[in-house]
Amino acid sequence: MTEFITQVLTNGLITGSSIAVVALGFSIVYHTTRIFHIAYAAIYSLGGYLCWYFDVQLGLGIIASLGFASFFSAASSLLIWLFLYKPLTRYGAAENELMVASVGIMIMIIYLISLVFGTDPKLPGPPSDQLLSARSMQITINGLLIILMLVITNLSDFGLKMRALRDNPRLIERMGINSAALTTLLFIASGVLAGMEASLSTNDLGISPFTGIHVFINAFIAVIAGGSGRVSGAVIGGFVLGILQAIVVFFAGSAWILSVSFILLIAIMLFKPDGITGITNRND
Amino acid sequence: MEYVIHIGIVLGLYMILVASAQLVIGHARLISLGQGAFFGTGAYVTALCMLNLGWSFFPALLTAVVLNAVIGLLLALPAVRLKGDYFVLTTLGFQFIIFQLTVNLDRLTGGPAGLGGIPSPSTPQFLPISQSGYLFVVTLILVIIAFTALFLLQKSRFGRNLKALCDHELLYEISGRSPIKLRAQVIAVSAATTALASAVYAVYMSYLAPGAFNLDQSIFILTGVMLGGLSRLRQAVVGALVIVLFPELMRAMGLPATYGPSMNQVFFGLVLLVLVSFTVVKRFQSNERRNQ
């Protein structure tokens, strides 16, 4: 029993914090711009592969690799916003059209990755310290990132502008706030979060081209489960999903992780469509 | 000759697949990333009916169609309650679940090694054609059945309702009809017609592996729909022609086997991007012109 509790708690907290960080990065973009940014999955994969490349292939050490990977993820996120979503939105693209464009860029990035690096999973290099250190680093940085994001979105001026942008993108322009610059910042932040988390998890478990999509599915389920329209919902949803997955892994093995997430998604959609924290978005 | 028949069968299958996907993506305006999974469930149901229950082809096909419709309905009921994004996520999740199920339920599906030895339907005595020739005829008949059904459906009350729903969802709801129900029906119909293609695929390949029904397949079908067009059935034919003949062309040009599939996917991603940008810009320009 104690083994069960310690395993579920440690694994659940690590998986949960990891899902929460990815979900945060997705939700700040999704809730303010309403773009179904599925290319985020590819940005995650890209971050993981870059970290692996810098760390294992070039031997730069995990801290530097993490920095580089985050930088390039942020850059790709920024480029996708500047050269894809922004012009498309300006030309009045519908929600579905943005979605298909996003699917297109996701597929391109993921298969370019598999062209360059091959489709076989890349494992982290021989651990310089103990295995524990990869995971303890992951949970420490995740915790810091989550607290930082919660503080920024709930307490700072920036968070206030973010919520204003979510509630009424037209009005905020009239107030003299540059909403395009704000969105640009959000995309950069989202890229950094994806890159960081991808690097941390690659350092622990390794990466394959499709990891990003799995992680994205979990993250979006966490966003929905946590509650629509609220950034802290992503964190709550992430931890709920993480603990749930840890319980299932303990009893049934890791083959069924995604099925559990999916069942949670269906249950939430059927019984509590507004999510656990449950505020309804004024835009809907 | 065998090659021509092979291309003919594959083309027929993709015509059905693209037309079914077009119903969901074009007419119901729901982006589905799970068409490949529906293709897979149909194929596995057909194969299992024939292998484990010893049924012949046509009853197995019918079972696959009915079961796929049921699966589509079950998947749709929670998913279409909310917005388009949730549907994409659910279908994407469904896609991966089906893949995991086919890999993990190895007693039933043969796991990653796949399911082999699916018998081909026996050619009737009075037909003087080869085995694959007969399958080609079956495919042709199924294409005609699928397209007639989809055509009649679009001309019927159902199709008009669907058009109304897409034009103005709120008005549709106000007039006392349920958008949820209609969308769920669309997905069920699309899954059912998809099963027609999967049944033929199962017996034609005589071997099923999980890898054939993964996300690549869904993207492939989505690209076909977007390339052809979103509204008319003949556009689905064009889309299927392009996506089937393009990889054949690439192969004929002698791209190495390891790069081929990934290369194709990159290309399809690019096609999706360019198509969307093109449509959006063109519509914007024509609106501008109208406003002047």
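Accessible area per residue of the protein assembly as shown at 1.4 Å probe, in Å²?
43
Please state the relative contact order of the stretch A:136-279 as a whole percent: Cα pairs under 8 Å, 6+ residues apart?
Over the stretch A:136-279, the number comes to 20 percent.
Just to make sure I understand: if all protein chains stay in place, what is the order of A:LYS272, A:LYS122, B:LYS155, A:LYS161 by accessible area at 1.4 Å, largest first?
The ordering from most to least exposed comes out as B:LYS155, A:LYS272, A:LYS161, A:LYS122.
For B:LYS282, what accessible surface area do you get with a 1.4 Å probe? Give it in Å², rounded to 10.
Around 120 Å² of this residue is reachable by solvent.
Among the residues of the stretch A:81-104, which ones have their accessible area go down by 50 Å² or more when all the protein chains sit together, as opposed to their chain alone (1.4 Å probe)?
Listed in order, they are A:TYR91, A:ASN96, A:GLU97, A:MET99, A:VAL100, A:VAL103.
Enter the mean projected area of the convex hull around the alpha-carbon atoms of the stretch A:146-200, in nm², rounded to one decimal.
Hull-based average projected area comes out at 3.9 nm².
Apply the Debye scattering formula to the stretch A:168-266, with a single equal point scatterer on each alpha-carbon and no solvent, then give log10 I(q)/I(0) at q = 0.17 Å⁻¹.
Results for the stretch A:168-266 at q = 0.17 Å⁻¹ read -0.90.
Ignoring everything but the protein chains, give the 1.4 Å probe accessible area of A:SER76 in square angstrom, nearest 10.
We get 20 Å² for A:SER76.
Given 37 °C and 0.692 mPa s, compute D for the stretch B:2-213 with the Stokes-Einstein relation, Rh being the Kirkwood radius over Cα pairs; round to the nearest whole µm²/s.
It comes out at roughly 185 µm²/s.
Tell me, Kirkwood radius of chain A from alpha-carbon pair distances, in Å?
Evaluated on chain A, it is 19.1 Å.
In nm², what is the average projected area of the convex hull enclosing the Cα atoms of the stretch B:37-91?
That works out to 3.8 nm².
Viscosity 1.002 mPa s, temperature 20 °C: Stokes-Einstein D of the stretch A:1-153 from its Kirkwood Cα radius, in µm² per second?
Stokes-Einstein gives a translational diffusion coefficient of 123 µm²/s.
Considering the Cα positions of the stretch A:64-174, please state its Rg to one decimal place and its Dmax as a whole number of Å.
19.0, 55
Using only helices, what value at 222 nm comes out for chain A when you add -39,500 (n - 2.57) per DSSP H run of length 4 or more and divide by the total residues, to the nearest 500 deg cm²/dmol?
-25500 deg cm²/dmol
At 1.4 Å probe size, with the rest of the protein present, what percent of the exposed accessible area of the protein assembly as shown is carbon and sulfur atoms?
68
Mind telling me which of A:ALA20, A:ALA222, A:ALA246 comes out most flexible in a GNM of chain A, alpha-carbon contacts under 10 Å?
A:ALA246
Note the count of lysine pairs whose C-alpha atoms are less than 27 angstrom apart in the protein assembly as shown, limited to pairs 8 or more residues apart or on different chains.
Lysine pair count for the protein assembly as shown: 14.
Using Cα pairs closer than 8 Å and at least 6 residues apart in sequence, work out the relative contact order for the stretch B:84-233, in percent.
Here the relative contact order equals 39 percent.
For B:ASP167, A:ASP120, write out the residues from largest to smallest accessible area, computed with a 1.4 angstrom probe and no ligands counted.
Per-residue accessible area, sorted high to low, gives B:ASP167, A:ASP120.
If you line up the Cα atoms of the stretch B:135-200 on their principal axes, what length do they span on each, largest first, in Å?
48, 19, 14
As a test of the definition: with a 1.4 Å probe, what buried accessible area, both sides summed, do you compute for B against A, in Å² to the nearest 100?
Chains B and A together bury approximately 4100 Å².
Summing -39500 (n - 2.57) over the DSSP H runs of n ≥ 4 in chain B and dividing by its residue number, what mean residue ellipticity at 222 nm do you reach, to the nearest 500 deg cm²/dmol?
-26000 deg cm²/dmol
Which residue fluctuates the most in chain B, going by a Gaussian network model with Cα springs under 10 Å, if the choices are B:GLY26, B:GLY228, B:GLY117?
B:GLY117
Give the ranking of B:PHE58, B:PHE99 by solvent-accessible surface, highest area first, calculated with a 1.4 Å probe.
Of B:PHE58, B:PHE99, the descending order of accessible area is B:PHE58, B:PHE99.
Using a 1.4 angstrom probe on protein heavy atoms only, which residues from the stretch A:241-264 are buried by at least 10 Å² of accessible area when all chains are present rather than their own chain alone?
Those are A:ALA255, A:TRP256, A:LEU258, A:SER259, A:PHE262, which lose 10 Å² or more relative to the chain on its own.
Can you give the direction-averaged projected area of the convex hull of the alpha-carbon atoms in the protein assembly as shown, in nm²?
Answer in nm², one decimal: 29.2.
Put +1 on the Cβ of every Lys and Arg and -1 on every Asp and Glu Cβ in chain B; which of B:VAL225, B:GLY159, B:ALA209 then has its Cα farthest towards the positive end of the dipole?
So the residue furthest toward the plus end is B:GLY159.
Sticking to Cα atoms, compute the Rg of the stretch B:126-282 to one decimal and its Dmax as the biggest Cα-Cα distance, whole number, in Å.
18.8, 58
If contacts are Cα pairs under 8 angstrom and at least 6 residues apart, what is the relative contact order of chain B in percent?
After rounding, I find 35 percent.
The values are calculated or read from the model by the stated rules, or taken from the named source; none is laboratory data. The structure presented is a predicted model; accordingly, all values stated were derived computationally and were not measured. Heads up, the Cβs are rebuilt from the backbone with ideal geometry, glycines too, and the neighbour counts pull from every protein chain shown. Accessible surface is based on the protein model in full, side chains and every heavy atom, while ligands, DNA and RNA are left aside. Shrake-Rupley method; radii C 1.70, N 1.55, O 1.52, S 1.80 Å.
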